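Derivation of every value follows stated rules applied to the coordinates shown; laboratory data play no part. In this text, all values refer to a predicted model and were calculated from it rather than measured experimentally. Heads up, the Cβs are rebuilt from the backbone with ideal geometry, glycines too, and the neighbour counts pull from every protein chain shown.
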Amino acid sequence: MSKKVQENITIFHKDISFTGKVAGDEAIAVAGHMEGTIQTSQDLTIEKTGTVKADVKAANVTVSGALVGNVDSKGVVSITKTGRMVGDVKADQIIIQSGAQYKGSVITKASSAGKKSQQISRKSASGSKTKR
Amino acid sequence: MPVTTIGRSLILNGELQGKDGLSVQGIVKGKIEIDNIVTVEKGAVIKADIKAKDVQIAGEVKGNISASGYVHYMKDCTVIGNTTTARILIADGASIKGSVHIDI
């Protein structure tokens with residue numbers, strides 16, 4: 001999804017759990033458990049086995065596991081078919097694949113550029129199948 | 001065994017736990033508890049107590065280190081803190097300040 005070639009990626013594997021604050025300038029992938037805040041100028045990927053309870057700020061965000069928390073992204077937020085997410089998304093673009101579970105409100109660049117920021121109802125109950 | 005490598009530009013502030021191996025190139029503050037090997041690479045800065053099976057240090061550590069296996073202080077590492085371990089190896093050039101307790 002990212003145009004740039006990433007030299008570095010930090011992968012938090014399945015049996016690793018972290019509580020606290022992560023900040024940095026490289027891509028992060030989470031297959032384990034993480035709680036707190038995550039901040040990176042690069043991409044964040046939450047793998048199938050990953051569970052994250054954190055406020056996230058990243059370039060692009062891909063959720064294939066579980067994410068509870070708000071996302072602030074400069075690029076694309078994508079929730080894949082195995083992804084489950086609860087929280088608000090602020091992003092340039094959002095992709096919610098068929099089968100994904102999502103609850104929260106969305107502000108994209110397109111909607112905030114419009115007359116009024118359009119928010120998708122908070123109650124798009126879990127299991128909702130929204131296609132881009 | 002998958003090794004989680006904390007990259008050079010990352011700063012972690014908190015508690016890191018797990019069963020996998022851990023390698024740190026960046027900065028970690030808080031606490032590290034790993035049931036496997038912890039490697040602190042050259043250039044890495046740790047301000048945390050480390051509890052692990054094996055510990056290998058080439059970077060900088062400020063905190064107490066406790067290992068059930070071995071502790072390996074490599075050349076040019078800096079350690080400020082007490083060490084408790086079963087086996088220890090201190091390379092020539094390692095700077096260490098603190099007590100060493102060898103548990104048999």
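Out of curiosity, is B:Ala52 under 24 Å from B:Ile90 (Cβ atoms), in contact with a Lys or Arg (Cβ under 6 Å, 6 or more places away or on another chain), more than 9 Å from every other protein chain (Cβ to nearest Cβ) and surrounded by 21 or more Cβ atoms within 10 Å (Cβ to Cβ)?
Working: under 24 Å from B:Ile90 (Cβ atoms): yes; in contact with a Lys or Arg (Cβ under 6 Å, 6 or more places away or on another chain): no; more than 9 Å from every other protein chain (Cβ to nearest Cβ): yes; surrounded by 21 or more Cβ atoms within 10 Å (Cβ to Cβ): yes.
It is false that B:Ala52 is under 24 Å from B:Ile90 (Cβ atoms), in contact with a Lys or Arg (Cβ under 6 Å, 6 or more places away or on another chain), more than 9 Å from every other protein chain (Cβ to nearest Cβ) and surrounded by 21 or more Cβ atoms within 10 Å (Cβ to Cβ).
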request  = State which residue pairs qualify: first residue closer than 16 Å to A:Ala27 by Cα and inside segment A:48-59, second residue among the aromatic types (Phe, Trp, Tyr) in any location, beta carbons under 9 Å apart, and separation of 6 or more residues or different chains.
outcome  = A:Gly50/A:Phe12
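Which of the residues that make up segment B:78-104 are hydroxyl-bearing (Ser, Thr, Tyr) and under 16 Å from B:Val40 (Cα atoms)? Talk me through it step by step, then tell me what you get.
Taking segment B:78-104 and keeping what is hydroxyl-bearing (Ser, Thr, Tyr), we get B:78, B:83-85, B:95, B:99.
Passing the criteria: B:Thr78, B:Thr83, B:Ser95.
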message = Tell me which strands (runs of 3 or more DSSP E) are completely within segment A:1-89 and hold 1 or more residues being buried (at least 22 other Cβ atoms within 10 Å of the Cβ), of a type in the set (S, T, N, Q) and in contact with a Phe, Trp or Tyr (Cβ under 9 Å, 6 or more places away or on another chain), or say none if there are none.
response = none
key: strands (runs of 3 or more DSSP E) fully within segment B:11-104 counting 3 or more residues that are charged (D, E, K, R) and in contact with a strand residue (DSSP E or B) (Cβ under 6 Å, 6 or more places away or on another chain)   = B:27-34, B:45-52
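Just checking, does segment B:80-96 include any residue being within 28 Å of A:Ala23 (Cα to Cα) and within 12 Å of the chain's Cα centre (by Cα)? Quick ask: steps written out before the conclusion?
Step one: of segment B:80-96, the residues within 28 Å of A:Ala23 (Cα to Cα) are B:80-81.
Checking the rest, the ones that are also within 12 Å of the chain's Cα centre (by Cα) come to B:80-81.
Scanning segment B:80-96 turns up at least one residue that is within 28 Å of A:Ala23 (Cα to Cα) and within 12 Å of the chain's Cα centre (by Cα).
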